[in-house]
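**Q** This is the structure, below, for whatever I ask next.
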Amino acid sequence: MKHKYLFKNFLKDKYIASVIPSSKFAVKTVCNKIDFNGKRVIVEYGPGTGVFTKILLQRMSAHSKLILIERNQDMISILRKIKDPRVFIFNDTAENVVDILHKCGEEKADYVISGIPFSMIKKDEKNEILGNTKKVLSNDGKFLVYQFTLSVLMSLRKYFNKISYDFVLLNIPPLFIFIAVK
C-alpha cells in the first residue's frame, strides 16, 4: 500500500526522490550518525512513508521530539497514523523550519535529516532551506542529507564548514550520506 502511494506521487511530485523507500542499510547508516542519549530535537524533511521515522522513534528517548515536515498530502495521511506523543507532523515545506520549531516550543534542533532531492529544486529554494537549516541547528548540530548524487556538496559548502560523507551501495539506487556540522 505504501509503495503504491510512493510510486503514484513520484510521478507527479518533483520533491519525491525515489519510487521505493530507502533501504534498511541506508536508514541504519544515517541513524548511526545520531547520538540518541538524552533529550534530542530531531527534524526530518520529507519523511514520506516514515521509513526513517520508525527507526528514529525506536531509538529516541522518551523526552525527545521528532518534528516531521512533509509537503505531500498523501504522505501526510500515512504519517498521521503514527500515534506517538514525541511526534509533531507538519504539512509544510522545509523553508519554514524556523517557524515550525517555534510552534513546537523549540529554538534549535540537534539533528536535521533530509532526503529532499536538492538537485531537482530551484536554487533560491535550496538556498533558503540550507540557510534556515543552519539557523535552527544547535552549535554542535548535524545536518544529515541522503542523496543519489554528489551535486548537493557545493551548496552544502556555502553554509557548513565541516562536511563529510559516506556511500551506501546497498540501496536502490546507491546513496551518498552527507554529514554537515554547524
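The values are calculated or read from the model by the stated rules, or taken from the named source; none is laboratory data. Keep in mind that what you see is a predicted model, and the values were worked out from it rather than measured. Reconstructed Cβ throughout: ideal geometry from the backbone, glycine too, with neighbour counts over all protein chains shown. When the accessible area is computed, the model is the full protein with side chains, heavy atoms only, and any ligands, DNA or RNA have been set aside. Shrake-Rupley method; radii C 1.70, N 1.55, O 1.52, S 1.80 Å.
**Q** Run the quick spin-label model on Lys123 and Lys54: label points 7 Å from Cα toward the beta carbon, then report their separation in nm to one decimal.
**A** In this crude label model, Lys123 to Lys54 measures out at 4.0 nm.
**Q** While we're here: Counting helices only, and only those DSSP H runs with n ≥ 4, report the 222 nm mean residue ellipticity of the chain as the sum of -39,500 (n - 2.57) divided by its residues, in deg cm²/dmol to the nearest 500.
**A** Details: 7 runs with 64 residues, N = 182.
Calculated from helices alone, the mean residue ellipticity at 222 nm is -10000 deg cm²/dmol.
**Q** In what order, largest first, do Lys135, Lys83 sit by accessible area if the probe radius is 1.4 Å? Mind dumping the intermediate values first?
**A** Details: Lys135 115, Lys83 170 Å².
If we order Lys135, Lys83 from most to least accessible, we get Lys83, Lys135.
**Q** Per 0.36 nm of contour for each residue apart, how much would the distance between Asp84 and Lys162 grow if the chain were fully extended, relative to their Cα-Cα spacing?
**A** Stretched out fully, the Asp84 to Lys162 stretch lengthens by 24.7 nm.
**Q** Then there is this: Relative contact order, percent, of the chain when contacts are C-alpha pairs under 8 Å separated by at least 6 residues? Intermediate results must be reported in sequence, preceding the final value.
**A** Numbers: 331 pairs, mean separation 37.7, N = 182.
Value for the chain: 21 percent.
**Q** Calculate the dipole size of the chain relative to its Cα centre from +1 charges on Lys and Arg beta carbons and -1 charges on Asp and Glu beta carbons; express the result in debye to the nearest 20.
**A** Using only the charged Cβ atoms, the result is roughly 320 debye.
**Q** To continue, here is another question. Using a 1.4 Å probe and ignoring any ligands, DNA or RNA, find the accessible area of Ser138 and quote it in Å² to the nearest 10.
**A** 20 Å²
**Q** Another question about this same structure. Would you mind calculating the gained length between Gln73 and His102 on full extension (0.36 nm times residue separation, minus the Cα-Cα distance), in nm to one decimal? Spell out each step's value before the answer.
**A** On the way: separation 29, 0.36 × 29 = 10.44 nm, distance 2.22 nm.
Full-extension gain reported as 8.2 nm.
**Q** Just to be sure I understand: of the beta bridges DSSP finds with both ends in the chain, what percent are antiparallel, rounded to 5?
**A** Numbers: 13 of 32 bridges.
Antiparallel bridges make up about 40 percent of those DSSP assigns within the chain.
**Q** Starting from the residue with the highest accessible area, list Arg71, Arg157, Arg40 in decreasing order, probe 1.4 Å. Before the final figure, lay out each step's value.
**A** On the way: Arg71 100, Arg157 145, Arg40 50 Å².
Of Arg71, Arg157, Arg40, the descending order of accessible area is Arg157, Arg71, Arg40.
**Q** Something else: Show me the ranking of peptides 170-179, 49-58, 122-131 by mean Cβ neighbours inside 10 Å, starting with the highest. Intermediate results must be reported in sequence, preceding the final value.
**A** Numbers: 170-179: 17.3, 49-58: 19.0, 122-131: 14.9.
Order by mean packing, descending: 49-58, 170-179, 122-131.
**Q** May I have the extent of the alpha carbons of the stretch 52-147 along their three principal axes, as whole Å values ordered from largest to smallest?
**A** Result, largest extent first: 36, 34, 25 Å.
**Q** Using the Kirkwood radius over C-alpha pairs as Rh, can you work out the diffusion coefficient of the chain via Stokes-Einstein at 20 °C, viscosity 1.002 mPa s, in µm² per second? Mind showing how you got there, number by number?
**A** Working: Rh = 16.2 Å.
Rounded to a whole number, D works out at 132 µm²/s.
**Q** Find the accessible area per residue for the chain; the probe is 1.4 Å, ligands and nucleic acids are left out, and the unit is Å². Write out the running numbers ahead of the final one.
**A** On the way: 9020 Å² over 182 residues.
With the other protein chains kept in place, the chain gives 50 Å² per residue.
**Q** Now for a separate question. Taking the Cα centroid of the stretch 152-176 and of the stretch 24-60, what is the distance between the two, rounded to the nearest whole Å?
**A** Computed from Cα coordinates, the inter-centre distance equals 17 Å.
**Q** Then there is this: Would you work out what percent of the accessible area of the chain, with all protein chains in place, is carbon or sulfur (probe 1.4 Å)? Walk me through the numbers on the way to the answer.
**A** Values: 4940 of 9020 Å².
Solvent-exposed carbon and sulfur of the chain make up 55 percent of the total.
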